[in-house]
1. For the condition within 11 Å of another protein chain (Cβ to nearest Cβ) and on the phi > 0 side of the Ramachandran plot, what is the one hit in A:Ser80, A:Ser72?
2. Run A:Thr189 past the list (1) in contact with a strand residue (DSSP E or B) (Cβ under 9 Å, 6 or more places away or on another chain); (2) free of Cβ contacts under 8 Å to residues at least 24 places away in the same chain; (3) not small (Gly, Ala, Ser) and report the number of the one that doesn't hold.
3. What is the residue count in segment A:147-163 for residues that are within 24 Å of B:Tyr295 (Cα to Cα) and touching a strand residue (DSSP E or B) at 6+ places or on another chain (Cβ under 8 Å)?
4. Report yes if some residue within segment B:57-72 is loosely packed, with under 15 Cβ neighbours inside 10 Å, assigned to a helix (DSSP H, G or I) and not aliphatic (A, V, I, L, M); otherwise report no.
5. If you take the residues in segment A:181-201 that are exposed (fewer than 14 other Cβ atoms within 10 Å of the Cβ) and modelled with pLDDT of 95 or more, which one is farthest from A:Asp86 (Cα to Cα)?
6. So for segment A:117-127 (the condition being within 14 Å of chain B (Cβ to nearest Cβ), surrounded by 23 or more Cβ atoms within 10 Å (Cβ to Cβ) and assigned to a helix (DSSP H, G or I)), does at least one residue qualify?
7. Which is modelled with pLDDT of 70 or more, under 14 Å from B:Val27 (Cβ atoms) and either in contact with a helix residue (DSSP H, G or I) (Cβ under 6 Å, 6 or more places away or on another chain) or hydrophobic (A, V, I, L, M, F, W, C) (or both), of A:Leu35, A:Leu43?
8. Looking only at segment B:223-252, count every residue that is hydrophobic (A, V, I, L, M, F, W, C) and surrounded by 22 or more Cβ atoms within 10 Å (Cβ to Cβ) and tell me the total.
Amino acid sequence: MVAPMRRHSGGNSQGHQQAQDGFSIIEVMVSMVVLTVGLVSLLGVFGLSMASTQSTQQDMIAKQLADEAYESIVTARNTSQITFDDIQNVGATNCPVTGASTCGIFLIPAQQIYNAGADGIYGTADDSASGQRQTLHDPGPDGIFGTSDDVYIPLSGYQRTIAIGSVYNSESQVIDSLRSVTITIQYTTSQTRSQKTYILNSYISQFQ
Amino acid sequence: MSKRSTNRKKGFSLLEMTVATALGSLVVGAAVQLYVQGVGATWTVSQRAEMQQDFRAASNMLTKDLSLAGAGLTQGAAIQLPTSSTIPVLGCDQSKTCYINGASVKYPEQGSTPFLYGLLTGYNAGPTISGQTTDTVTVVYTDPNFYLDCYTATVASATTVTFALPSTTSTNCTAPSSSKIQSINDSAVGLTPGDLVLFTFGSTQVVAEVYGATTSSTTATFATSDPLSMNQGTSVTKSLGSQYVASPPATAPTTGYAVRLLVITYYLDNSVTPPRLMRQINGQSPIPVAESVVYLKFSYDLFNPSTNTLALNQPNPGSGDSSDTASNNLLPSQITQIHILNMAMDSSVKGSLYGLAGGNQSVDLQTTVSARNLTYVNNYGN
């Protein structure tokens, strides 16, 4: 960092010119400031990469939240604990199995992430009634699960929407034995504060 | 003297040099510090990314296996095993080394009769890690890649079965075309010692373990004293030997078909540090799935078809434990949902090395898997 000096290069008579070749202390200090600003800006890159790694974790949680909701719908269909009519959003009017005027158990607006409630199915009215939010179970400062310092982090930054729609055949008639399932998870990443969305599209058939 | 005064104008004074050097070393020091932190952060981030990748691969494998539980089984995914003083076990390999806490694991019993179900729970059956007990889980499904079901299986003696391809394709055959049917001793997928085979002779199902003489292109051997104790004497019901000697043949036919079973157990292996997640199939040696998996816990939802009620979040279903009373008298084959309560992985790098607040980096999974194949077999599998 010390400015080059050509003191050894020649005789005394060249002295004046050499002094003008070097940097002044002001120049050196300015260059240092510029260099520092440049280096500090690099710090941001590390922060960004940490943030993106962290958001990968949140992406994974979002995927699991979508998966588990779909899995619980499949389970409910398989066990026949609810009719296929009920595998619709609340207030659906197409109820061929029971002939009721309205059917469907999946709540329409985006829901906070609660445990599944008494029916074992996510996204239904008994979820919030149980009042139990789904949590992330972290081992706490000692790094060991199952001890008293475990941390349960509620998934408060996440919301889940289950939308169940009709599927139409080539003649635009509703297929009663098949429905489309769209599960949307909206979440805010903690670092960048940006809203992200994970969407799972699938189908559910009346038949196993 | 005149030289000196000229020189003074040319260069820096000692004071200037000192100040410049001090400032310079401050900046260089800061830059070095920044660099060190940067290297640390890069290492941490790449470690974390790699850990997430490993974890995703392991959890995908586990969830896929769980959702396949019971696939291809019949008779309600509950198969009676040979019943004698020698009890069929799981979790051991051909050298008779047993892996789950260093011991063999018995199959669950109805009365005193052992049964193989599409899913076997292992509440607190795994090793204790950092003072915490862990669970194991065993899933059972039929091997979809080996078209053993296309062969006609004939019990040729108490310990051998011959396999022959019928002239017209069997209705049990799942091969897409006859050219895809592998030979019995195929080097890639054929029968090897330790494989479990589920035979269906009329209405009788028998499980046997390939053991003893090498499998030829037509004959497999199921000698007694096998590591998993599936092959038992001719006097033991539900054994291959008893099927051979039973009479009359009309009720105990010796000709039927076979499928290879996959009895897959996931458990944590704490014989290494840090512990790792292992996957052990039939009587084969276990294979590590992921390093540094430190916690594994499950709970299960069951459905009681006679009362039409659910038994939710049962960690040890059917045990009669106080937290599991809702699942009393229910069988593991009536499990409808599997909750992975927690599967956690620690990275091998201590966070404290990089200025983080102690502990390791960790990543964990909590999710739910539908036992869709199990419920299917339970509903329709007869």
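1. Details: A:Ser72 fails: on the phi > 0 side of the Ramachandran plot.
Answer to the selection: A:Ser80.
2. (2) is the only condition that A:Thr189 fails.
3. As a first pass, look at segment A:147-163 and keep what is within 24 Å of B:Tyr295 (Cα to Cα): A:147-155.
Going one step further and asking which of them are touching a strand residue (DSSP E or B) at 6+ places or on another chain (Cβ under 8 Å), we end up with A:147, A:150-155.
Of the residues in that region, 7 qualify.
4. yes
5. Checked segment A:181-201; the qualifying residue farthest from A:Asp86 (Cα to Cα) is A:Ile199.
6. yes
7. Working: A:Leu43 fails: under 14 Å from B:Val27 (Cβ atoms).
The match here is A:Leu35.
8. 3
The values are calculated or read from the model by the stated rules, or taken from the named source; none is laboratory data. Treat the numbers as computed from the prediction; the structure is a model and nothing was measured. Cβ coordinates were reconstructed from backbone atoms using ideal geometry, including for glycine residues, and neighbour counts include every protein chain displayed.
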